[in-house]
Amino acid sequence: MKQKVVSTLIESGYPMKIIALGDVVGSAGTEYAVKLINRIKCVENGDLVIVNAENSAPGNGLDQKSADALFNAGADVLTGGNHTLRRHEIFDYLDDHNAALRPLNLPPSAPGKGFIIMRASQGLRIMVINVLGQVFMDPVDNPFTAVDRLLNEQNGKYDICVCDIHAEATSEKAAFARYFDGRINVIFGTHTHVQTADECILPKGSGFITDLGMCAPIESILGTKPEPVIKNFVTRVHDRFEAAEGELALCGAVFEINPATKRVTSVKRIKY
């Protein structure tokens, strides 16, 4: 009976919604995201919530406390980036928790996994991938070829594919999205902490936005206090960066998918 209901939903084109939230920054960002995730899921009628958590620990990186808090609040998958492995104490956690991802194109010996295949509420198999860009970033395997290999290896094992490309250059993200248009259904960028206004549906049906933005104090520079950042640019004297305080905002996007056609029907920026 359950399978019959799932099949009916898929055949009817009942929409699926995937909520993607941008880089959560520090304790304040994590606490704010924890308060809002379930509310956003209800308001947006979301089926799956993906949160970039590579900066969710105090200072930097990912730790068990922030990861557990985000999962307990309703996040289904945590994606990462260039800071994910900064804290050694997270290594065992990444090995044990398949839904806490690190970038796919790190060396194979790195702890954790770069993708997960999970069931969504409609019974569809969703593959979520996390990958790092190369431009202005530390050396990693080519994200295009790494994801190509994965799609070939997992062919037939998933119904919808989602990818977080954690990258600095907007051109690299845009090229990645168009290269995988029609093969990865939902593609969103993270890392720059600035929400872009270019959400779109690409010609072959994939939904894309260059960067989701961040969950962090508004009066900040990428989530940190402005003063030491400005001093560094003006004098080249580097002071320790500190977490900003004050009013917060959470940014992301909602992707609506027709499960029958696997095409994205809308992409909406969100800011809470």
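Only the coordinates and a few stated rules stand behind these numbers; no lab work does. Just so we're clear, the structure is a prediction, and the values are computed from it rather than from any experiment. Ideal geometry is used to build each Cβ from the backbone, glycine not excepted, and the neighbour counts take in all protein chains shown.
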One would report the Cα pair-distance distribution of the chain, bin width 10 Å, in %, as 7, 31, 37, 19, 4, 1, 0
If you stretched the chain out fully between I230 and E153, how much longer would it get, using 0.36 nm times the residue separation minus the C-alpha to C-alpha distance?
-> 23.1 nm
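When you count, for each residue, the other Cβ atoms within 10 Å and take the mean per peptide, how do 143-151, 53-61 rank with the highest first?
Going by the mean number of other Cβ atoms within 10 Å, highest first, we get 53-61, 143-151.
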Between helix 226-235 and the chain: long-axis angle, C-alpha atoms, 0 to 90°, nearest 10 | 60
Ranked D198, D95, D47, D164, criterion: other C-beta atoms within 10 Å, fewest first | D95, D198, D47, D164
For the Cα atoms of the chain, what angle does the longest principal axis make with the long axis of helix 143-153, in degrees from 0 to 90, nearest 10?
-> 30
Want the number for T265 to A249: 0.36 nm per residue separation, take away the alpha-carbon distance, what's left?
-> 3.1 nm
Crossing angle, helix 170-179 versus the chain [Cα axis fit, 0-90 degrees, rounded to tens] | 10
Diffing region 258-272: the Karplus 3J(HN,Hα) column from phi (6.51, -1.76, 1.60, θ = phi - 60°), in whole Hz with x for Gly and Pro, holds 7, x, 6, 9, 6, 9, 6, 9, 7, 10, 10, 6, 10, 8, 10
Of the residues G246, G74, T224, the Cα lying farthest along the dipole of the chain towards its positive end, which is defined by charges on the beta carbon of Lys, Arg, Asp and Glu, belongs to G74
What spacing in nm lies between the two simple spin-label points modelled at S109 and E242, each 7 Å away from Cα in the Cβ direction?
-> 4.0
Label-point separation in nm, N142 to M118, each point 7 Å along Cα→Cβ = 3.1
Enumerate the calculated ³J(HN,Hα) couplings along region 75-84 in order (Karplus 6.51 cos²θ - 1.76 cosθ + 1.60, θ = phi - 60°), each rounded to whole Hz, writing x wherever the residue is Gly or Pro.
-> 5, 8, 9, 10, 9, x, x, 6, 9, 4
Arrange the following residues from fewest to most other Cβ atoms within 10 Å of their Cβ: C215, C200, C161.
-> C200, C161, C215
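Would you mind checking K113/K204; K65/K271; K17/K262; K225/K268; K204/K271; K17/K113 for any pair whose Cα atoms are more than 21 angstrom apart?
Long pairs (Cα-Cα over 21 Å): K113/K204; K65/K271; K225/K268; K204/K271; K17/K113.
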Sorted from fewest to most neighbouring beta carbons within 10 Å, what does the list S66, S27, S171 look like?
-> S171, S27, S66
